[in-house]
Amino acid sequence: MSRKDAKIAVSHGKVTVNGAVVKLSDHKVSESDEILLDGNKISKNKHIYIVLNKPQGYVSATEDESQHTVLELVPPELFRKGLFPAGRLDKDTTGLMIITDDGDFAHRILSPKKHVKKSYAVTLDIPVTAEMKEAFEKGVALSDGVCKPAGLAFGGKYDCTVTLFEGRYHQIKRMFGCFGAKVTALKRISIGGFSLPENLPEGQCRELDESELDLIEKDR
Ligand code: URA
């Protein structure tokens, strides 16, 4: 069940804690509490959600014969079997990456149908133009089809922020390639309403808390 559906179930009085109906989804429970949904016992959250500030030089894979993978950056206390990166960043792309063992969650934030937006700070080798912005907003035609409309906000002469609602192979690099531009730096800065924590250094991971998880699926 998605977090949103869980909140609705709680507000509709479908959840009891130790036999009493609770109607507030921020109700605190402990390990020993018995929680029922529609009269059926549920177990506590068994998944883990990790935010990584990805450095360059790591591939978004669970294993690789010759290259370092992002999973190597997960510290032993957070590591467990079944972890995988929820979405790919290129080897030379940096920034926000979620690592989890929850396939349903990954599907919800990656499926183009769910419209969870991802924003990237981009630097080009040539100036960013109004023509690029206009084309991104309409939908750039790539060899594998026309992209969904994307956002482009101007930054410095060579910098901008691009917002995508899908994730294709090398998408941003290929979109700018249509204008003869080369991406010289690419960093993912947000997913949904959640931004890369400023105090998380490159190469470091930490577990996400409940409110951060909510933000990821909010503000699509
Ligand atoms: N677009 C790209 O070209 N590369 C990434 O890593 C992410 C988006």
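The values are calculated or read from the model by the stated rules, or taken from the named source; none is laboratory data. Keep in mind it's a predicted model, so treat the numbers as computed, not measured. Neighbour counts are summed over all protein chains in view; Cβ atoms, including those assigned to glycine, are modelled from backbone coordinates with ideal geometry. Each accessible area value is taken on the protein alone, full model and side chains, heavy atoms only, with ligands, DNA and RNA left out. Shrake-Rupley method; radii C 1.70, N 1.55, O 1.52, S 1.80 Å.
Pairing residues of the range 125-144 that are in contact (Cβ under 8 Å) with a residue 12 or more places away in the chain with residues that are open to solvent by 70 Å² or more (accessible area, probe 1.4 Å) and of a type in the set (S, T, N, Q), at Cβ distances under 7 Å and at least 6 apart in sequence or on separate chains, gives D125/T184.
Scan the strands (runs of 3 or more DSSP E) fully inside the range 23-128 and keep the ones with 3 or more residues being closer than 21 Å to E198 by Cα, within 17 Å of the chain's Cα centre (by Cα) and away from the ligand (no atom under 16 Å from the Cβ).
On the way: elements: 35-37, 49-54, 94-100, 118-124.
It comes to 49-54.
Taken as a whole, the structure leaves D159 outside the set of residues that are away from the ligand (no atom under 11 Å from the Cβ), within 25 Å of R3 (Cα to Cα) and more than 12 Å from the chain's Cα centre (by Cα). Counting the residues of the range 129-150 that are within 13 Å of the ligand (Cβ to nearest atom) and either under 21 Å from G192 (Cα atoms) or in a helix (DSSP H, G or I) (or both) gives 3.
Do we have I189 as aliphatic (A, V, I, L, M), within 18 Å of G95 (Cβ to Cβ) and either more than 11 Å from the ligand (Cβ to nearest atom) or open to solvent by 40 Å² or more (accessible area, probe 1.4 Å) (or both) here? Yes, satisfied.
Return the residue satisfying two criteria in turn: it lies in the range 192-220 and is assigned to a helix (DSSP H, G or I) and surrounded by 15 or more Cβ atoms within 10 Å (Cβ to Cβ), and of such residues it is farthest from the ligand (Cβ to nearest atom). Lay out the reasoning, then the answer.
Residues of the range 192-220 that are assigned to a helix (DSSP H, G or I), as a first pass: 210-217.
From the residues that got through so far, the ones that are surrounded by 15 or more Cβ atoms within 10 Å (Cβ to Cβ) too are 212-217.
Details: E212: 21, L213: 22, D214: 24, L215: 20, I216: 17, E217: 20 Å.
Here the residue is D214.
Can you run down the residue pairs with Cβ atoms below 6 Å, 6 or more apart or on separate chains, where the first is in the range 2-13 and closer than 14 Å to D214 by Cα and without any contact (Cβ under 8 Å) to a residue 60 or more places away in the chain and the partner is surrounded by 13 or more Cβ atoms within 10 Å (Cβ to Cβ) and not hydrophobic (A, V, I, L, M, F, W, C)? Within 6 Å, the pairs are K7/S25.
Can you tell me which residue is surrounded by the most Cβ atoms within 10 Å (Cβ to Cβ) among those in the range 164-186 that are among the small types (G, A, S) and farther than 29 Å from S2 by Cα? Within the range 164-186, the match that is surrounded by the most Cβ atoms within 10 Å (Cβ to Cβ) is A181. Looking across the range 85-119, just one residue is open to solvent by 20 Å² or more (accessible area, probe 1.4 Å), in contact with a Gly (Cβ under 8 Å, 6 or more places away or on another chain) and closer than 16 Å to H47 by Cα, and that is D101.
T161 satisfies every condition listed in (1) touching a residue at least 40 places away in the same chain (Cβ under 8 Å); (2) open to solvent by less than 20 Å² (accessible area, probe 1.4 Å); (3) of a type outside the set (G, A, S) except (2).
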